[in-house]
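Any read-out appearing in this document is the output of simple, stated calculations on the displayed coordinates, not a laboratory observation. None of the values given here were measured: they were computed from a predicted structure. Counting neighbours? That spans all protein chains shown, and the Cβs are built from the backbone with ideal geometry, glycine included.
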Amino acid sequence: MLVGVNTLAIPPGFGGGEERFLRKTLATIRQAQPSTRFVVFTDPGNHDSFDGYDRVCAKKGVRLGLSNDTGAMLAPLAKSAGIDLLFSPLNTGPAKFPVPVVLLALDLRRWEPEHLKLERRAAARHKAIKRVSANAAAIVTPSESVQRKALHLLEVGLDKTVIAPLGVDEVFGEPQPSLVEGPFLLAVGDTREFKNIPRLRQVCAQLGKEFPHSLVVVGRPCEAEPDDWGPRVMRFEHIPTPYLAGLYQHCDAFIQPSLYEGSGVTVLEAMRTGAPVATSRTGGIAEAAGDTPFFFNPENVGSMVSNVRRILEEDAQARRTRTQVGVRAAAEFTWERCAWKVLSAFKKTR
């Protein structure tokens, strides 16, 4: 089977979950099932980053969300490459294509009614993406939460979706040094509006009156990035994965206050390292994390404060027992498991 992979509009190193998912699953599938081969359709911005794969450069980028642009751009390239199917992120997936299409939908926040109200041409974009979804042979989602949203927001039948939970890199289970001297709390993720940054800051300000902990924040600065984080905050935009694992391993609590999550992978990473976790039940977090974290209401600062405080005051033995359960649970989330789920989605095109 020869699979074309659409990476248009995914900047190298900053493509977020889609880039990570594609790179990890493609590499894992090449090892697990060599008979499945890939041709990566790139743009000038990311072409070099896919060195080692058969590549075809589309010569120009694509405007995110205008799916018909993608189809017109990729169709002649796909025909020339002789691919059997196309694997594409939902938001740049083609509505019409000469071969079957499998879509990747890691989250559907862009298509929530409250988000559509903020966009011009929202109705036309939503209609176009529903057509893309209707014509796809299969849609890969990271969780039951996103699967249900696909049914509700895109009118996609459950029989068309395949749940492929993201994997957790093995490095998170290996001892790593810490870049930061403790004690500290940790938050990981780009500073998007739905990451609940203002309440996170309020929580840390209140806890700072009782505990000596600083806050370490790792993630790309986005629209909700504060002009000034204030005292006792250390900010990293991007660090290598082993250093990130070290921060998880040495923090006294990992806080994930997000108001929207498709997969909850940062919670799984934290659990894999043995970090105590305080988080919301938003989206795919609860189904991935089970009962290990301390769950709070992300819209209530008091709830957030009390649950982080519970972690910091927890008895050492209880803490050890809880985190060991988390380590074992998170170890089940591997890229091999994810890759085989993606392969099962490819089989739906036959």
**Of Gly189, Pro142, Leu200, farthest towards positive along the dipole that unit charges on Lys, Arg, Asp, Glu beta carbons give the chain** = Pro142
**Fill in**
Under the Karplus relation with 6.51, -1.76 and 1.60 and θ = phi - 60°, whole-Hz ³J(HN,Hα) for segment 84-92, x at Gly and Pro, equal 8, 7, 10, 9, 9, x, 4, 5, 10
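Find how much the distance from Thr321 to His238 grows on full extension, using 0.36 nm per residue of separation minus their present alpha carbon separation; answer in nm with one decimal.
Working: separation 83, 0.36 × 83 = 29.88 nm, distance 3.14 nm.
Length gained, Thr321 through His238: 26.7 nm.
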**Request:** Could you check which residue among Lys160, Lys209, Lys195 shows the biggest mean-square fluctuation in a GNM of the chain with a 10 Å Cα cutoff?
**Result:** Lys209
**Complete:** Largest fluctuation, Ser35, Ser145, Ser280 only, Gaussian network model of the chain with Cα springs under 10 angstrom, belongs to Ser35
**Prompt:** So what's the gap between the Cα centers of segment 159-209 and segment 237-263, to the nearest angstrom?
**Reply:** 3 Å
**Asked** Taking only C-alpha pairs under 8 Å that are 6+ residues apart, what is the relative contact order of segment 241-297 in percent?
**Response** 35 percent
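Measure up Lys195/Lys348; Lys149/Lys347; Lys127/Lys149; Lys127/Lys160; Lys59/Lys79; Lys24/Lys127 against 26 Å on the Cα-Cα distance and list the ones that go over. Don't jump to the answer; show the numbers that get you there.
Details: Lys195/Lys348 35 Å; Lys149/Lys347 23 Å; Lys127/Lys149 16 Å; Lys127/Lys160 19 Å; Lys59/Lys79 16 Å; Lys24/Lys127 31 Å.
Too far apart for the 26 Å limit: Lys195/Lys348; Lys24/Lys127.
Would you work out the charge dipole size for the chain about its Cα centre, treating the Cβ of every Lys and Arg as +1 and the Cβ of every Asp and Glu as -1, and quote it to the nearest 20 debye? Kindly include the intermediate steps, with their values, before the conclusion.
Details: 44 positive and 38 negative charges, 259 e Å.
Dipole size: approximately 1240 debye.
How would the chain be classified by its alpha-carbon gyration tensor: rounded, prolate or oblate, with rounded meaning a/c under 1.5 and the a/b versus b/c comparison settling the rest? Don't jump to the answer; show the numbers that get you there.
On the way: a/c = 1.96, a/b = 1.72, b/c = 1.14.
In terms of gyration-tensor shape, prolate.
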**Prompt:** Is segment 176-246 rounded, prolate or oblate when judged by the Cα gyration tensor, a ≥ b ≥ c being the square roots of its eigenvalues, rounded requiring a/c under 1.5 and prolate requiring a/b larger than b/c?
**Reply:** oblate
**Message:** Could you tell me the center-to-center distance, by alpha carbons, between segment 87-148 and segment 293-348 in angstrom?
**Reply:** 28 Å
**Request:** Report the residue, chosen from Gln317, Gln176, Gln202, that carries the largest GNM mean-square fluctuation when the chain is represented by alpha-carbon nodes joined by springs under 10 Å.
**Result:** Gln317
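Tell me, what is the FRET efficiency for Arg350 and Val180 to the nearest 0.05, using R0 = 56 angstrom and their Cβ-Cβ distance as r? Let's see the in-between values first.
Values: r = 50 Å, r/R0 = 0.90.
Once the sixth-power term is evaluated, E becomes 0.65.
Under the 0.36 nm per residue contour assumption, what length would be gained going from the current alpha-carbon distance of Asn135 and Glu114 to full extension? Walk me through the numbers on the way to the answer.
Values: separation 21, 0.36 × 21 = 7.56 nm, distance 2.54 nm.
Stretched fully, the Asn135-Glu114 segment lengthens by 5.0 nm.
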**Item:** Point-to-point label distance, Asn300-Asp51, nm (Cα→Cβ direction, 7 Å offset)
**Value:** 5.4 nm
